[in-house]
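These notes are about the structure you will find just below.
Values quoted throughout were computed directly from the atomic coordinates according to the rules given, and no laboratory measurement underlies them. Only a predicted model underlies this, so the values are computations on that prediction, with no experimental measurement involved. Using ideal geometry, Cβ is built from the backbone for each residue, glycine included, and neighbour counts are taken over all protein chains shown.
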Protein chains: 4
Amino acid sequence: MLKVGIMGSSGFAGEELIKILFRHPEVKITALAAKIEKIHVSKMYPWAKVMLDLDCFDMSADDVGKISDVVFLALPHKVSMDFAPALLKKGKKVIDLSADFRIKDKAVYEKWYEIKHECPDYLKKAVYGLPELYRKEIKTADLIANPGCYPTSIILGCGPLLKNKMVDTNYIICDSKSGVSGAGRTPTQALMFTEIAVNSFRPYKVNFHRHMPEIDQELSNLADAKIGVNFTPHLVPMERGILSTIYLKLNKKLNTKEALNIYKDFYKGEYFVRVLEEGVLPDTKNVARSNFCDIGMQIFPEKSLAVVMTAIDNLVKGASGQAVQNMNIMYGFSEKLGL
Amino acid sequence: MLKVGIMGSSGFAGEELIKILFRHPEVKITALAAKIEKIHVSKMYPWAKVMLDLDCFDMSADDVGKISDVVFLALPHKVSMDFAPALLKKGKKVIDLSADFRIKDKAVYEKWYEIKHECPDYLKKAVYGLPELYRKEIKTADLIANPGCYPTSIILGCGPLLKNKMVDTNYIICDSKSGVSGAGRTPTQALMFTEIAVNSFRPYKVNFHRHMPEIDQELSNLADAKIGVNFTPHLVPMERGILSTIYLKLNKKLNTKEALNIYKDFYKGEYFVRVLEEGVLPDTKNVARSNFCDIGMQIFPEKSLAVVMTAIDNLVKGASGQAVQNMNIMYGFSEKLGL
Amino acid sequence: MLKVGIMGSSGFAGEELIKILFRHPEVKITALAAKIEKIHVSKMYPWAKVMLDLDCFDMSADDVGKISDVVFLALPHKVSMDFAPALLKKGKKVIDLSADFRIKDKAVYEKWYEIKHECPDYLKKAVYGLPELYRKEIKTADLIANPGCYPTSIILGCGPLLKNKMVDTNYIICDSKSGVSGAGRTPTQALMFTEIAVNSFRPYKVNFHRHMPEIDQELSNLADAKIGVNFTPHLVPMERGILSTIYLKLNKKLNTKEALNIYKDFYKGEYFVRVLEEGVLPDTKNVARSNFCDIGMQIFPEKSLAVVMTAIDNLVKGASGQAVQNMNIMYGFSEKLGL
Amino acid sequence: MLKVGIMGSSGFAGEELIKILFRHPEVKITALAAKIEKIHVSKMYPWAKVMLDLDCFDMSADDVGKISDVVFLALPHKVSMDFAPALLKKGKKVIDLSADFRIKDKAVYEKWYEIKHECPDYLKKAVYGLPELYRKEIKTADLIANPGCYPTSIILGCGPLLKNKMVDTNYIICDSKSGVSGAGRTPTQALMFTEIAVNSFRPYKVNFHRHMPEIDQELSNLADAKIGVNFTPHLVPMERGILSTIYLKLNKKLNTKEALNIYKDFYKGEYFVRVLEEGVLPDTKNVARSNFCDIGMQIFPEKSLAVVMTAIDNLVKGASGQAVQNMNIMYGFSEKLGL
């Protein structure tokens, strides 16, 4: 049994990791850390009563490392880079769900996150944990930079057309919609039930969200061109799920059927990416609590426009599920285990 | 135009008062106070933009009194009793939405609210602002103790049967369910959207809620007997609304039709109490954003059981709407104005 | 008192009309028609109990006309054009909430709605009831074609920039999100609570929605150029509200402040359009149950991109509220009455 | 691998069975039947795409039996009794989720369900599938009458006190609240999103719900006394979950700690019943999508009142999860498999 530790157990990604890893037949959760008073997991998460018998408390990375083979960091950015090096030096594998190791260019990271990067050496060693693009590198990685939720939904949606250089890279519009869990668990008035369950749907941080540089980096890699997307995130009054509607200007004549074939080809053998049939559009409910990414598409040849729509669960394929998928790849387990 | 001030404008009851009073043709809102940095009302409540041009800030009761004829205190208990006397001494009328003047017995108040009452003299002067029971007293009152939301739903539901001495007063069971706004606006993790909109329905404070002594006091008055109810409040994943299901053991033979007639008689001329026809049950959505209390009932004569079900909007008939109804009575306006 | 009839009282727009007109001080609802068995309004809408004493039944246009001065047709397309002529010939004013008189070009109507237009002569006489654009014509109109909900949110959002010819008219992207009431009241499995309140957010009818020709017609008029938008509607798990995120390619250098000034200028004196300050974005909850349209904006000069975001309540400014606003204009009432 | 067939795949219980059985390591779903046109499971349930490759169509019980070892009947009452005998005669095991074999007294069944029972002989053979009470009988049963959702929540809540004869059996009050999936999947206006997600909470069928005779039968068995409960179901605006608040009059002096010990004793070794600590109350969210039943309790000795609160997921422990638990017992699998 692989021993896994979770640092940041009290957030949504941490909770989702516990749920997924609990039903994973090849692992045993050995450590639950969080910056809180010691508490039994069944007090923190009453759903876990009788399922898991473990205390959660403010453990050091060192202490977590001592009893774990692999450590998930479900931490805010900045905190992860404080913990990862110690674990890696001890020979532990680290799957980091924060943004700290996603951006290859230190300067870009520091500009968007407004802090100094403490261990830039690791930026090169970290592998961007999107299995559909980097499976080979993930297999042998020690440090995974697990992708952000919005980026996952957008990169998977744009990948095939960009890779095939069929898109005008100057005018990519990503209109994304996320469930409220994407905003985290820290109580604020704006996130109260009474503020959201009152017919509230709203955009925020237009072209200002910290997932932008991550999206730009990966799309640029795919297209082999410098890309700067337009990105408008919105908050949907539901718990979980992201739907991204992506508008791409095509530079090739193409119809929907042809485009879908390009996607099916690109994602051949990828269990967790489901390219939908022509006329079928994704719905976040179909991927809720699963690690799937559903992709639907409509091409308007007369307008040279592709509308690509992707749906994921922000906490699963957009965070903890993908992290476990990465772990499965790193340890040679079947990629679906626990998922 | 009657000049009205609102202290506690930043809470739910305060916000609802602004909404109601804004469309009241005989009043002008002159003061918005809250313990916050000065802010324009349209910043605090973007829905109010262009509707209302007023700053909200940390005004003293004195300052509010200077520019108002009547002052609504939409404040937490304890704070109200600090402010009310100063206003009353200046000749202002005060409608207090807190619990501070509801409990006639100082000792009972102090036990349940775990603080000393600062101005017990006013307990006698205060009129319990349930128009259906105390309209005459309200007309000439200077200080209204506006009823709690749960008590309103329960007292109106029990009133007719208790008044007619048809109930075994030893075994009254009140199973109440409230929307989340009843829990107030202070951000806590338990009240976040992500904690509630996940199939969460739960009881809390069984026979331990501070509305109990208020319910007991008024039911005892009605029945002319000492009553101690059993009261289980529950939290419903919706914004607003209270539904109380009340189980009464009858000491008289009675069928549903006869009971409904007793209720129709008791509430004759009461616009805001709607006794439903036999076979029709209340639904909180039918009273949402209105000042109505809907009452449905089913009697099981063979079991000597009455099941009375009442629905109100906790923020309207259960708070701000009833407060304005009281104001209308105090100033001789049509009782429906603004409501 | 103006006598108003409502045909189509059993749908959402009909219900909303009843709510609004009930509190309108200058009108009296005299007829409620719907294709259903005769039923008292309080049975159909329990919230209306004691408020309104009227039966709703399957009245002919003739019979409604006999007891009304103005008739609201809250009917499906096709049905409206069967009723409107008879009423107009009797000298009644008609405010039609269906699509039947919105599209000036009969052929376009017939293509999109897949039926023959029965009374094309009225297309010219009908005035498109968007007061911010056609107030003068509305004043003297007999037949109002009340705008669709999506079109209202998009036309108001694009108006000022198009009118000022600042936009590349070939690549307008409208990504709209609507609450579920937009889909009407006919029960289908897809619209059940249990299908939607399970983290469901989804696009539908990409570039295929019947509101498209209406949007194209009005934007073309504004820009004085032939416009064909890209329009992706989405379903949001909330009752009401539309938020449209509109991406416009600018052909003029412009910053956010300048753009906002253009909007403030364009909507000067328009009570129901609120242009938000720089940095403030709209939220559907701020316009819920009101007739306001909130407009926020961010310009990215280096990308020549304008992101315009508008929020309305689809049942109010997007339907019944705007219909009453039109009635107020037609009869010389204050435009805000009842709203 | 055990071959399982599901009849009634298109309802909620059927869908939940597919979800649970799909992840069960010892079974293979071999037949999906429903009274609909032939459709691939991934069209009916888009979440199942790539997971399950099976058509669903209108198969006869015979045809299902040919390819299955055990058949789940997730059918409406009346339909189950048409199918079960044929399957049983073929030596198949049947787990029936309808009410057809739950009520031992044919006359009671026929009175409440208003139809003739077609195969009363099977009433005796059927085992009431509540493992916590009938595990021994379930082990060797061929026909399981899987309990109703409300009964499960109430019987488990009352069991220990009734068994110990500590309750006045004449005045049991069960105030239950259910998520909307309990009302089934047939589209009606009352179950639309737009009717429920508008602050709707309501009681229905007071002392009139068909689960009553089932509750009475099992409570009477437990108490060895004729019991007729008072039962008020309510509809909660959430997808799934039942919370029952049960008021029991005690005939023994007892405090909360003692009562909890009685419950812990009664449910010793029962993995799926979690007796909560003193002061902890159940919440439906803690059991959502799990087979647990959480039980909380507060005793008021001075009032001789026990308030027992239980939470289950109506589709899991209240239907399909319990059905699989029964299957696990019948086939000697670990009781937790798949759950």
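Where chain A is rotated onto chain C, the residue of A whose Cβ comes nearest the axis, and that gap in whole Å, is A:175, 2.
Taking a Cβ cut-off of under 12 Å around residue A:176, the surrounding Lys, Arg, Asp and Glu residues balance to a net charge of +1, with basic ones at +1 and acidic ones at -1. Label points for residue D:170 are taken 7 Å from Cα along Cα→Cβ. From this copy to the others they lie 1.2, 8.8, 8.9 nm apart, shortest first. For chain B, what D do you get in µm² per second when you plug the Kirkwood radius from alpha-carbon pairs into Stokes-Einstein at 25 °C and 0.890 mPa s? Roughly 121 µm²/s, to the nearest whole number. Can you work out the FRET efficiency for the pair residue B:62 and residue B:331, with r the C-beta to C-beta distance and R0 = 22 Å, to the nearest 0.05? The computed FRET efficiency comes out at 0.45. Summarising the strand pairing of the protein assembly as shown, around 45 percent of its internal DSSP beta bridges are antiparallel. Net charge of the neighbourhood of residue D:224, taken over other residues with C-beta under 10 Å away and scored Lys/Arg +1, Asp/Glu -1, is +3. Overall shape: prolate for the range B:252-339, with the ratio a/c of the largest to smallest alpha carbon gyration tensor axis at 1.5 or above and a/b above b/c.
Most simply put, the range B:2-125 has about 10% antiparallel DSSP beta bridges, counting only bridges with both residues inside it.
The fewest-to-most ranking of C:56, A:293, B:119 by surrounding Cβ atoms within 10 Å reads B:119, C:56, A:293.
FRET efficiency for residue D:265 and residue B:78, Cβ-Cβ distance as r, R0 = 41 Å, nearest 0.05?
Calculated transfer efficiency: 0.40.
For the range D:1-143, the relative contact order works out to 20 percent when only alpha carbon pairs closer than 8 Å and six or more residues apart are counted.
Let me check against my output: what whole-number percent is the relative contact order of chain B, with C-alpha pairs under 8 Å and at least 6 apart? So the answer I get is 18 percent.
Taken about its Cα centre, the range B:150-314 carries a charge dipole of roughly 120 debye when the Cβ of each Lys and Arg holds +1 and the Cβ of each Asp and Glu holds -1. When only alpha carbons are used to place a centre, the range C:150-220 and the range C:1-76 end up 28 Å from one another. Need one word for the protein assembly as shown: rounded, prolate or oblate. Basis is the Cα gyration tensor (sqrt eigenvalues a ≥ b ≥ c); a/c below 1.5 gives rounded, then a/b vs b/c decides. In terms of gyration-tensor shape, rounded. Debye-formula intensities of the range A:157-258, expressed as log10 I(q)/I(0) at q = 0.15, 0.16, 0.21 Å⁻¹, are -0.69, -0.75, -1.05 (one equal scatterer per alpha-carbon, no solvent).
Counting only Cβ charges, +1 for Lys and Arg and -1 for Asp and Glu, the dipole size of the protein assembly as shown around its Cα centre is about 0 debye. Take every pair of alpha-carbon atoms less than 8 Å apart whose residues are at least six positions apart; their mean separation over the length of the range B:144-247 yields a relative contact order of 49 percent.
For the range B:150-314, DSSP calls about 75 percent of its internal beta bridges antiparallel. Only one residue of B:204, B:192, B:153 has its Cα farthest out toward the positive end of the dipole of the range B:150-314, where Lys and Arg carry +1 and Asp and Glu -1 on Cβ, and that residue is B:204. In a reduced charge model with +1 at each Lys and Arg Cβ and -1 at each Asp and Glu Cβ, chain A shows a dipole moment near 300 debye about its Cα centre. Calculated FRET efficiency, residue B:170 to residue A:43, Cβ-Cβ distance, R0 = 35 Å: about 0.40 to the nearest 0.05. Mind running the shape call on the range B:2-125? Use the C-alpha gyration tensor, a ≥ b ≥ c as the square roots of the eigenvalues: rounded below 1.5 for a/c, prolate if a/b tops b/c, oblate otherwise. Because a/c hits 1.5 or more and a/b exceeds b/c, the range B:2-125 counts as prolate. Between copies, the label points at residue D:50 (set 7 angstrom from Cα along Cα-to-Cβ) are spaced 3.5, 4.9, 5.9 nm, reported in nanometres from shortest to longest. Between copies, the label points of residue B:63, set 7 Å from Cα on the Cα→Cβ line, lie 5.0, 6.3, 8.0 nm apart, reported in increasing order to one decimal in nanometres.
Give me the net charge of residue B:74's neighbourhood, meaning all other residues with Cβ under 13 Å from the Cβ of residue B:74; Lys, Arg count +1, Asp, Glu -1. Spelling it out: positives minus negatives among the neighbours equals -1.
Angle between the Cα long axis of helix A:79-89 and the longest principal axis of chain A, 0 to 90 degrees, nearest 10? Result, in degrees: 70.
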